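In what follows, a structure is listed as structure tokens, so that the remarks can point back to it.
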Amino acid sequence: MTSVAAHIEPASAEPFLTLANIRKVYPGVVALSSFSMSVSPGEVIGLVGENGAGKSTLMKILGGVIAPSQGTITIDGVPRASLTVADSMAAGIAFVHQELNLFDNLDVAANIFVGREPLTGGFLRLVDEKKQHEMVIPLLKRVGANFSAFAPLASLSLAQRQMVEIAKALSVDARLVILDEPTSILPLSETEKLLDVIRALKADGISVIFISHRLHEIELIADRVVVLRDGALVGTLDRGEIDHQRMVKLMIGRDIKVPSAPLANAPGNIAMSAVGVRTAAHPAQPVSLDLRNGEILGLAGLVGSGRTELARAMFGVDPIYGGYFELDGDKFRPTHASQSIARGIFLVPEDRQGAGVLLDLSIAENISLPDLPAHATSFFVNRGLEIQTAERQKRNLAIMTPSVATRTGSLSGGNQQKVVLAKWLAMSPKVMIFDEPTRGIDIGAKAEIYRLMRELADVGVAVLMISSDMEEVIGVSDRIAVMHEGRVAGILNRDQFSGENVLLLAVGKTIGAKTEP
Amino acid sequence: MTKKDLGLLILILAVGAVVTMINPRFILPINIANTANLVGMFGLSALGQSIVILTGGIELSVGSVIALIGVLFVDFIATQNIPWPVAAALMLVLAIMLGLTHGLLITKFKLPPFIVTLCGLLIYRGIARFYTRDATAGFAFGQNFPKLEFITAGRSFGVPNSFIGLIIAAAIMWIVVHRSVFGRYLYAAGKNEEAARFSGIKTDQVIIAAYVICQVLTMLSAIYFAMYTRSISPASHGNFYELYAIAAAVLGGFSLRGGEGSIIGALLGVVLLQELQNLVNLLGIPSSLNFAVVGGVILLGVLGDQQWGSFRERRRIEDAARGREPKQASAE
């Protein structure tokens, strides 16, 4: 076969979408400046950049939600100054957002055709369930779905829901599917499935723009990487050049120290142990685990393996159905977070906005909340003291805010996470539990969170970090415990750290003998 | 005082001015004092309701509790000859028990507040009617309780004591809600119970306490109403009073989702509501239209507030766009 014949259609070498010198100015900020890129059929483009680099602006321009201030968008050789939402849809541009726009209470087929249901029954406008079902089956097949069109959405995992979103995109004959942080909510094994779907799209000649903070996945999947920083295109990497270090360097404009090989602090005494603890997620599986002073213990595993439930049980917000925790020689069975807090066990929860902070309270009010009696004169809140603590924590953690009276909800994700940390660090932690501490946080803030975790360990705090991000687990932990279906499948020491080992244990396999001395 | 409270105050004064122009009897001391008395009595139950609404809950049994406590209290002092302070103490115990029961069912048994208190509404009304066999509870001719009557239905310096009672209760509740540790917990638990729990707040206790406070204030209001009407027919006494309380809280800026509202707002809400009732009487509007007028005004008020909010938000964004765009262009 000649190279020409290898193409299914000769035109496919031509980019179907080209952006030239796109510029978008908001009052006070240049969100995007002289940005150019092109997308060819079947191309997978990785789009990376820190939060605020201009990715969302670019997406909004492609979606027709906002118009660029300058520049040309050329689709199929037709240049335009801007797109409308209808233009974007007609051009076959489809979005799969980080927050999936699906209905929990409907089934798969209804979700895919919501608003565009095939109708029957004339003026009664009934949904033609049969036809809808027939239309859905080939779509599900294309995304490799292992669930039925009748499955209630509520019964699907996050990865399966993303497949539904992608099938929805395919149902409108998408030519370009834009995935916005699709893997940040997915556990490791499900990520693999999503990457397979992307490969299938590519094989069909559908282009993909893949936005992710997880650079490893970009390395695996992208044909080309486009790096944005401060609204400008700072580099394009072709297939052969894509590697982690290059991307990170372009994204932040400097070398980032990925915390590897932590200082050889001899791990201290056991701070807290789980002894045969059973949680609601897997009541048949008792979990035993030791947390040591001065050590960051990474807790890896698939979503649903019981990691979050263990953390919540330690913090006293979920009941335990057997076993106990051991703390300072006592048996400890907390039934309320206040009991754990009193013992210096603090949790930075997975759901930052739902459980970590109160978005409508000020920063100062959030920081004092768990320790309010200490910020009170008899029954009355002492606002002066509250502000004092908050100001101190704002300096210590470098929270970026004009004032500690600012509403917490107006901060960026990274700064909200710092508020969660600030409230705990204002008290004296003995055991700090972090559940997915850097999810949805940009790289700069991530590095700060890692540094804080390390500082905590250095002063003797026992740190437990639940993470689904492989780089993070391996880069930050001193030891890694891997959970599989409710039990601790294995504990890895530094010399055994590798992506394969973590993944093998997470999916229930065993790892071979130590390969390295 | 927030901007919203100030707006409400201006509205109250404006409505008052208009009514006065049409019917000057509005500002006669006798009318003001009568209205103040009603504000005092309805205000106590509205304060209680506000605390529950602050937690994101609702208390629908208020009217029935006013009837139940009314018949019990009057029967105790008038028929059973129990000294009134003892009877009042017994009513306090009953109110605390009712609040505890509601709170426990809502927090520990995880029943929705609407259902729990709706059942309360039906149950207490039934008990009140059964207790008197549907007869009217009242005082015998010539039966007098001078001290109690002075505290409840009397006046000091021309001001109804019920109104003074409300002001005292409101001052205490203001401190509790806006200055105390418990008040902060109320707002936190009402805004986001999960996050409050994750900060170690015993949200169940906070919510139970809110229902207890509500019942205690409702009990006070029940005694005031009982001594004001002096005869209580258990089938109708206090009917819809929970809705007056909820309406006052909503007018006063409370969000039924919880976590929003102020004591001043609740007070102003009660005043506005009673002013409207008074307006219906003074302007010669048929009293059968009473509910329709009040309902219509609340609807318009909430609608206006909503529209004004989105208008200001739009204007703020447009101003920002207009005011800063040229500056940006020159800076480049």
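The values are calculated or read from the model by the stated rules, or taken from the named source; none is laboratory data. Owing to the predicted nature of the structure, the values given are computational and were not obtained by experimental measurement. Cβ placement follows ideal geometry from the backbone for every residue including glycine, while neighbour counts extend to all protein chains displayed.
If I filter segment A:484-494 down to residues being free of Cβ contacts under 8 Å to residues at least 40 places away in the same chain and in contact with a Ser or Thr (Cβ under 9 Å, 6 or more places away or on another chain), which single residue comes out as nearest to residue A:307 (Cα to Cα)?
Taking the candidates together, the pick is A:490.
Do the conditions hold for residue A:163, that is, is it surrounded by 15 or more Cβ atoms within 10 Å (Cβ to Cβ), aliphatic (A, V, I, L, M), modelled with pLDDT under 90 and under 30 Å from residue A:27 (Cβ atoms)?
Numbers: surrounded by 15 or more Cβ atoms within 10 Å (Cβ to Cβ): yes; aliphatic (A, V, I, L, M): yes; modelled with pLDDT under 90: yes; under 30 Å from residue A:27 (Cβ atoms): no.
In short, no.
Within segment A:375-431, can you find the residues that are part of a loop (DSSP other than H, G, I, E, B), of a type in the set (A, V, I, L, M) and away from chain B (no Cβ under 14 Å)? Talk me through it step by step, then tell me what you get.
First pass over segment A:375-431, keeping only residues part of a loop (DSSP other than H, G, I, E, B): A:378-379, A:382, A:398-406, A:411-412, A:426-430.
Add one more test, that the residue is of a type in the set (A, V, I, L, M), and what stays is A:398-400, A:404-405, A:411, A:426-427.
Those that are part of a loop (DSSP other than H, G, I, E, B), of a type in the set (A, V, I, L, M) and away from chain B (no Cβ under 14 Å): A:398, A:399, A:400, A:404, A:405, A:411.
Kindly indicate whether residue B:241 is crowded, with 24+ Cβ neighbours inside 10 Å and either away from every other protein chain (no Cβ under 14 Å) or within 12 Å of the chain's Cα centre (by Cα) (or both). Give the derivation first.
On the way: crowded, with 24+ Cβ neighbours inside 10 Å: yes; either away from every other protein chain (no Cβ under 14 Å) or within 12 Å of the chain's Cα centre (by Cα) (or both): yes.
It is true that residue B:241 is crowded, with 24+ Cβ neighbours inside 10 Å and either away from every other protein chain (no Cβ under 14 Å) or within 12 Å of the chain's Cα centre (by Cα) (or both).
As an exercise: evaluate residue A:24 against (1) in a strand (DSSP E or B); (2) touching a Lys or Arg at 6+ places or on another chain (Cβ under 7 Å); (3) within 28 Å of residue A:441 (Cβ to Cβ) and give the number of the one condition it does not meet.
Condition (2) is where residue A:24 drops out.
Please note which strands (runs of 3 or more DSSP E) are completely contained in segment A:202-278 and include at least 1 residues that are at pLDDT 75 or above and under 25 Å from residue A:50 (Cβ atoms). Steps first, answer last, please.
Numbers: elements: A:207-211, A:224-229, A:232-238, A:270-277.
Ranges flagged: A:207-211, A:224-229, A:232-238.
Can you name every residue in segment A:111-158 that is without any contact (Cβ under 8 Å) to a residue 12 or more places away in the chain and of a type in the set (Phe, Trp, Tyr)?
If the condition is that a residue be without any contact (Cβ under 8 Å) to a residue 12 or more places away in the chain and of a type in the set (Phe, Trp, Tyr), then A:123 is the only one that fits.
Kindly provide the set of residues from segment A:295-332 that are in contact (Cβ under 8 Å) with a residue 40 or more places away in the chain, away from chain B (no Cβ under 14 Å) and under 19 Å from the mean Cα position of the chain (by Cα), ordered by number.
A:298, A:299, A:300, A:301, A:302, A:303, A:304, A:305, A:306, A:307
I need the full set of residues from segment B:189-221 which are within 9 Å of chain A (Cβ to nearest Cβ), touching a residue at least 24 places away in the same chain (Cβ under 8 Å) and of a type outside the set (Asp, Glu), in order please.
Looking only at segment B:189-221, we keep the residues that are within 9 Å of chain A (Cβ to nearest Cβ), and these are B:191-192, B:194-202, B:204.
Now drop any that are not touching a residue at least 24 places away in the same chain (Cβ under 8 Å), which leaves B:191-192, B:204.
Within segment B:189-221, B:191, B:192 qualify.
Conditions: (1) of a type in the set (Ser, Thr, Tyr); (2) within 14 Å of chain A (Cβ to nearest Cβ); (3) within 27 Å of residue B:9 (Cα to Cα). Residue B:185 meets all but one. Number of the miss?
All conditions pass for residue B:185, except number (3).
Count, please, the residues in segment A:74-121 that happen to be closer than 17 Å to residue A:163 by Cα and in contact with a strand residue (DSSP E or B) (Cβ under 7 Å, 6 or more places away or on another chain).
7
Quickly run through segment A:121-139 and pick out the residues that are over 35 Å from the mean Cα position of the chain (by Cα) and surrounded by fewer than 14 Cβ atoms within 10 Å (Cβ to Cβ).
A:121, A:122, A:123, A:124, A:125, A:126, A:130
From the list B:70, B:120, B:103, exactly one residue is out of contact with any Leu (no Cβ under 6 Å at 6 or more places or on another chain), closer than 20 Å to residue B:193 by Cα and crowded, with 18+ Cβ neighbours inside 10 Å. Which is it? Lay out the reasoning, then the answer.
Numbers: B:70 fails: closer than 20 Å to residue B:193 by Cα; B:120 fails: closer than 20 Å to residue B:193 by Cα.
Checking each option against the conditions leaves just B:103.
Does segment A:495-505 hold any residues that are part of a helix (DSSP H, G or I), at pLDDT 80 or above and under 25 Å from the mean Cα position of the chain (by Cα), and which are they? I'd like the intermediate steps shown before the answer.
The initial filter retains those residues of segment A:495-505 that are part of a helix (DSSP H, G or I), namely A:495-496, A:499-505.
Those left that are additionally at pLDDT 80 or above: A:495-496, A:501-502, A:505.
Of everything in segment A:495-505, those that are part of a helix (DSSP H, G or I), at pLDDT 80 or above and under 25 Å from the mean Cα position of the chain (by Cα) turn out to be A:501, A:502, A:505.
What residue, of B:265, B:259, is touching a residue at least 40 places away in the same chain (Cβ under 8 Å) and within 13 Å of the chain's Cα centre (by Cα)?
Details: B:259 fails: within 13 Å of the chain's Cα centre (by Cα).
The match here is B:265.
Against the conditions (1) in a helix (DSSP H, G or I); (2) surrounded by 21 or more Cβ atoms within 10 Å (Cβ to Cβ); (3) more than 28 Å from the chain's Cα centre (by Cα), where does residue A:58 fall short? Just the number, please.
(3)
Which is at pLDDT 90 or above and either in contact with a Leu (Cβ under 9 Å, 6 or more places away or on another chain) or not polar (S, T, N, Q) (or both), of A:136, A:114?
On the way: A:114 fails: at pLDDT 90 or above.
Going through A:136, A:114 in turn, the sole match is A:136.
Go through segment A:333-352 and report how many residues are of a type in the set (Val, Ile, Thr) and within 7 Å of another protein chain (Cβ to nearest Cβ). Write out each step before concluding.
Narrowing segment A:333-352 to residues of a type in the set (Val, Ile, Thr): A:335, A:341, A:345, A:348.
Within this subset, residues satisfying the condition of being within 7 Å of another protein chain (Cβ to nearest Cβ) are A:341.
Selection size over segment A:333-352: 1.
Against the conditions (1) touching a residue at least 40 places away in the same chain (Cβ under 8 Å); (2) touching a Ser or Thr at 6+ places or on another chain (Cβ under 6 Å); (3) aliphatic (A, V, I, L, M), where does residue A:463 fall short? Just the number, please.
Going through (1) touching a residue at least 40 places away in the same chain (Cβ under 8 Å); (2) touching a Ser or Thr at 6+ places or on another chain (Cβ under 6 Å); (3) aliphatic (A, V, I, L, M) one by one, residue A:463 breaks only (2).
Of these, B:259, B:253, which one is within 14 Å of chain A (Cβ to nearest Cβ), outside any helix (DSSP H, G or I) and in contact with an Asp or Glu (Cβ under 8 Å, 6 or more places away or on another chain)?
Details: B:253 fails: within 14 Å of chain A (Cβ to nearest Cβ).
Residue meeting the stated conditions: B:259.
Kindly indicate whether residue A:370 is within 13 Å of chain B (Cβ to nearest Cβ), within 22 Å of residue A:406 (Cα to Cα) and buried (at least 20 other Cβ atoms within 10 Å of the Cβ).
yes
Which of the residues belonging to segment A:440-467 are in contact with a helix residue (DSSP H, G or I) (Cβ under 8 Å, 6 or more places away or on another chain) and part of a loop (DSSP other than H, G, I, E, B)?
Selection gives A:440, A:441, A:442, A:467.
Any residue that is surrounded by fewer than 16 Cβ atoms within 10 Å (Cβ to Cβ) and under 14 Å from residue A:424 (Cα atoms) - is there at least one of those in segment A:342-358?
Within segment A:342-358 (the criterion being surrounded by fewer than 16 Cβ atoms within 10 Å (Cβ to Cβ) and under 14 Å from residue A:424 (Cα atoms)), the answer is yes, since at least one residue qualifies.
Within segment B:303-332, can you find the residues that are modelled with pLDDT of 80 or more and away from chain A (no Cβ under 14 Å)?
Answer for segment B:303-332, where residues must be modelled with pLDDT of 80 or more and away from chain A (no Cβ under 14 Å): B:303, B:304, B:306, B:307, B:308, B:310, B:311, B:312, B:313, B:314, B:315.
Can you go through A:439, A:454, A:479, A:487 and tell me which one is surrounded by 20 or more Cβ atoms within 10 Å (Cβ to Cβ) and of a type in the set (D, E, K, R)?
On the way: A:454 fails: surrounded by 20 or more Cβ atoms within 10 Å (Cβ to Cβ); A:479 fails: surrounded by 20 or more Cβ atoms within 10 Å (Cβ to Cβ); A:487 fails: surrounded by 20 or more Cβ atoms within 10 Å (Cβ to Cβ).
Residue meeting the stated conditions: A:439.
Given the structure, is residue B:95 crowded, with 21+ Cβ neighbours inside 10 Å, in contact with a helix residue (DSSP H, G or I) (Cβ under 8 Å, 6 or more places away or on another chain) and farther than 15 Å from residue B:210 by Cβ?
On the way: crowded, with 21+ Cβ neighbours inside 10 Å: yes; in contact with a helix residue (DSSP H, G or I) (Cβ under 8 Å, 6 or more places away or on another chain): yes; farther than 15 Å from residue B:210 by Cβ: no.
Taking the combined requirement at face value, the residue does not satisfy it.
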